[in-house]
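Quick notes on the structure that follows.
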Amino acid sequence: MGSLTQACSSSSSLAKSVFSLASSSPFLFTSRRKITRHYSSSFFRASTSPLASVCVDSKEVRSTDLVDLEYAELNLKYKISEEVGHVRIRQHVNPLSSSFSTPAPVPAWEEVYKDPSLPLMVDIGSGSGRFLLWLAKKNAESGNYLGLEIRQKLVKRANFWVNELGLSNAHFIFANAMVSFDQLISSYPGPLEFVSILCPDPHFKKRHHKRRVVQKPLVDSILKNLKPGGKIFVQSDVLDVAQDMRDQLDEEAKVLEHVDTVDTEEGWLRENPMGIRTEREIHAELEGARIYRRLYQKKILIDSLK
Ligand SMILES: C[S@@+](CC[C@H](N)C(=O)[O-])C[C@H]1O[C@@H](n2cnc3c(N)ncnc32)[C@H](O)[C@@H]1O
């Protein structure tokens, strides 16, 4: 009982203060404001600190319940596609297998988005899509949102949800980002303003590290397509994976700088600046894991101003 009381009190940071980033990107919640998670605090509270805890009033709360509650605003639980049905999440797929080597067709962007000239945010490995759908709903007029996901069923369901929610600024493509990112994104008519890679599959074994999505060609393509001043946000609950992404992005110091105006610990952002946690983040924090985050910004080089 003592630990429960402690858990409840340690979660009082539920309505978290989001720090200000010295930028006006529509893809970040920049104002210093309170984020209220979308569930009744009398039911339970969850902390986003590494000491994640759940306070339950005699009810067992699973992390899938937490996801539903955190994303309650989207009301997706009741939007079930008959065609797609229940989506079982398999273990990691191998993006290097020949079945994922065909580039995804480039869509007719004007059919996908109401205004394809708007700044674009791309989420690589978008999973269920809830995170991007939530952002798209919040920023319906100011940006377009694209999820790239290697599991076709997740993509089908996410696009079903796009229609159900009536969003004209969100879209998901079944694609191996390692193969298709460049061709897809270089064809987009507007500026690429934000790229996120959040809790990518860890592929723990050393001989499988080459399956990790963040590899030099993808980094090069992101940097080539990202507008000056555009941002890259990466995070993982696996330190080795986060460090790997950090090392690769730090390598690009000529064009990329780590945004260090935010609260960091050992160079890792303490807070998620997006206004909502991803599903993997919710699961990991519930298990008590720490999330390692880095935010980068493409430098505005003098030459690009000429
Ligand atoms: C651990 S999940 C994280 C999902 C989500 N970003 C989150 O934080 O909840 C990683 C996702 O990346 C997808 N993925 C893995 N490799 C990929 C690739 N090469 N291209 C696109 N998606 C990929 C997986 O199918 C999976 O949905």
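The values are calculated or read from the model by the stated rules, or taken from the named source; none is laboratory data. Predicted, not measured: the structure shown is a model, and the values here were computed from it. Reconstructed Cβ throughout: ideal geometry from the backbone, glycine too, with neighbour counts over all protein chains shown.
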Which one is nearest to the ligand (Cβ to nearest atom) among residues in the range 130-183 that are among the basic types (Lys, Arg) and part of a helix (DSSP H, G or I)? ARG130
Could you pull out the residue among GLN243, GLN235 that is without any contact (Cβ under 8 Å) to a residue 60 or more places away in the chain, part of a strand (DSSP E or B) and not small (Gly, Ala, Ser)? GLN235
May I ask you to verify whether LEU198 is buried (at least 22 other Cβ atoms within 10 Å of the Cβ), at pLDDT 95 or above, of a type outside the set (S, T, N, Q) and within 18 Å of LEU120 (Cβ to Cβ)? yes
All but one of (1) touching a Ser or Thr at 6+ places or on another chain (Cβ under 6 Å); (2) crowded, with 17+ Cβ neighbours inside 10 Å hold for VAL162; which doesn't? (1)
Within the range 111-129, can you find the residues that are farther than 11 Å from GLU149 by Cβ, within 16 Å of the ligand (Cβ to nearest atom) and assigned to a loop (DSSP other than H, G, I, E, B)? none
Which residue out of SER186, SER221 is within 14 Å of the ligand (Cβ to nearest atom) and hydroxyl-bearing (Ser, Thr, Tyr)? SER221
When you go through SER81, SER126, SER97 one by one, which is the residue that is over 18 Å from the mean Cα position of the chain (by Cα) and modelled with pLDDT of 95 or more? SER97
Quick check on ASN144: is it of a type in the set (S, T, N, Q) and free of Cβ contacts under 8 Å to residues at least 12 places away in the same chain? no
